[in-house]
1. Count the lysine pairs in the stretch 1-63 that are 8 or more places apart or on different chains: how many have C-alpha atoms under 21 angstrom apart?
2. Using semi-axes √(5λ) of the Cα gyration tensor in Å as the read-out, say which of (1) 34, 14, 11; (2) 21, 14, 10; (3) 19, 16, 11 was calculated from these coordinates.
3. Rolling a 1.4 angstrom probe over the protein chains, ignoring ligands and nucleic acids, what is the accessible area of V53 in square angstrom, nearest 10?
4. For the stretch 3-80, what is the charge dipole size about the Cα centre, in debye to the nearest 20, if Lys and Arg each add +1 at the Cβ and Asp and Glu each add -1 at the Cβ?
5. Roughly how many nanometres apart are two label points built 7 Å out from the Cα toward the Cβ at E55 and M75?
6. Percent relative contact order of the chain, based on C-alpha pairs within less than 8 angstrom and at least six residues apart?
7. Label points 7 Å out from Cα along the Cβ direction at T46 and Q18: separation in nm?
8. On the protein heavy atoms, probe 1.4 angstrom, tell me the percent of accessible surface of the chain carried by carbon and sulfur.
Amino acid sequence: MKAKQKKLFAELLAWLRQGRLAKNMTLRAVAAALKVPPSWVGKAETGDRRLDVVEYVRFCEVVGLDPIKGLKLAMAAKKR
């Protein structure tokens, strides 16, 4: 992955994590809702595991984030 792509991906993952923390949700709570191990959520948030688009949307739904907003943030960051 190119450096700029890594930066955009990292910003999107940080947005997901911040959203989860803002809702006071633990890794375990998100994992339970997604029916995955807590390590899956942790790896997804750190970029050790890539999210596909369906997983991204589902993660956003569980945490109460608008997936379109996340994509718009990534697109705006791309223009910088």
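The values are calculated or read from the model by the stated rules, or taken from the named source; none is laboratory data. Predicted model, so just to flag it, every value in this text is computed and none were measured. Cβ: placed from backbone, ideal geometry, glycine included. Neighbour counts: every protein chain shown. For accessibility, only protein heavy atoms count, side chains too; no ligands or nucleic acids. Shrake-Rupley method; radii C 1.70, N 1.55, O 1.52, S 1.80 Å.
1. 7
2. Answer label, from the structure shown: (2).
3. 100
4. Using Cβ point charges on Lys, Arg, Asp and Glu, the stretch 3-80 gives about 320 debye.
5. 2.4
6. It comes to 37 percent, rounded to a whole number.
7. Between T46 and Q18, the simple spin-label model gives 2.1 nm.
8. About 59 percent, which is the carbon plus sulfur part of the accessible surface.
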